[in-house]
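The values are calculated or read from the model by the stated rules, or taken from the named source; none is laboratory data. From a predicted model like this one, the values you see are computed outputs, not experimental measurements. Cβ sites come from the backbone with ideal geometry, for glycine too, and all protein chains shown count toward neighbours.
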Amino acid sequence: MNNLEDEARPPLPPFTQETAIQKVRLAEDAWNSRDPDRVVLAYTLNTIWRNRHEFPLGREQIREFLQRKWAAEREYRLIKELWAFRDHRIAVRFAYESCDHEGNWTRSYGNENWEFADDGLMHRRLASINDLRISADQRLFHWAQGRRPDHHPGLSELGL
């Protein structure tokens, strides 16, 4: 396991309340980096995804998907929250805000079901997502791009 792409990704399943919350925050932090090369390392080589109407398979298709996503979704900021967990599975709810190239803001809401391999890499990610057009003054996610600061409210605190 000397290759970074083959390393385990703690915390490892089976998850506890504490480790599930930690896993969710680590995923949120990675996605807020907007770095496809960093994000794909959390997934198995043969990972299976459903994201809206797309069904990418494996890290290379995921990398391409994320590159397209973040080229279109500027000013992307994401908050994830644990919904439920058991053994090798975690369910999360999330919301993110982004702006398109014309300056139109969207808040996207969704749920994800995650299934992990024993090494802590995510093998399956099933996402259902809905979009709501918002005005710039309706935005709730105000931090510099990158990791959400610890003091910034989460979804429940924001009433989302």
Inset, instruction - Looking only at the stretch 78-94, decide whether some residue is within 22 Å of E7 (Cα to Cα) and either assigned to a helix (DSSP H, G or I) or in contact with a Pro (Cβ under 6 Å, 6 or more places away or on another chain) (or both). - result: yes
Legend entry - First in the stretch 131-148 and over 7 Å from W105 (Cβ atoms), second anywhere and modelled with pLDDT under 95 and among the small types (G, A, S), Cβ under 9 Å, 6 or more apart: none
Inset, instruction - Give the stretch 101-160 a look and list any residue that's in contact with a His (Cβ under 9 Å, 6 or more places away or on another chain) and within 30 Å of I48 (Cβ to Cβ), or say none. - result: W114, E115, F116, A117, D118, H123, F141
Legend entry - Among residues of the stretch 18-58, those that are under 14 Å from R148 (Cβ atoms) and hydroxyl-bearing (S, T, Y), counted: 1
Legend entry - Selected residue (criterion: surrounded by the fewest Cβ atoms within 10 Å (Cβ to Cβ)) from residues of the stretch 102-113 that are touching a strand residue (DSSP E or B) at 6+ places or on another chain (Cβ under 7 Å) and not charged (D, E, K, R): N104
Legend entry - Subset of the stretch 39-58 (residues that are in contact (Cβ under 8 Å) with a residue 40 or more places away in the chain and assigned to a helix (DSSP H, G or I)): A42
Legend entry - Selection status of D119, touching a residue at least 24 places away in the same chain (Cβ under 8 Å), surrounded by 14 or more Cβ atoms within 10 Å (Cβ to Cβ) and not in a helix (DSSP H, G or I): yes
Legend entry - Among (1) in contact (Cβ under 8 Å) with a residue 12 or more places away in the chain; (2) not in a loop (DSSP other than H, G, I, E, B) - the single one R9 does not satisfy: (2)
Inset, instruction - Exactly one condition in (1) under 17 Å from Q145 (Cβ atoms); (2) at pLDDT below 95 is not met by A8; state its number. - result: (1)
Inset, instruction - Return only the number of the condition from (1) touching a strand residue (DSSP E or B) at 6+ places or on another chain (Cβ under 9 Å); (2) surrounded by fewer than 18 Cβ atoms within 10 Å (Cβ to Cβ); (3) under 21 Å from F141 (Cα atoms) that T16 does not satisfy. - result: (3)
Legend entry - In the stretch 100-109, the residues that are in contact with a Lys or Arg (Cβ under 7 Å, 6 or more places away or on another chain) and either assigned to a strand (DSSP E or B) or of a type in the set (G, A, S) (or both): W105, T106
Inset, instruction - Take Q61 and decide whether it is out of contact with any helix residue (DSSP H, G or I) (no Cβ under 7 Å at 6 or more places or on another chain), farther than 24 Å from G146 by Cβ and assigned to a helix (DSSP H, G or I). - result: yes
Legend entry - the stretch 38-64: number of residues that are aliphatic (A, V, I, L, M), exposed (fewer than 15 other Cβ atoms within 10 Å of the Cβ) and within 16 Å of A27 (Cβ to Cβ): 0
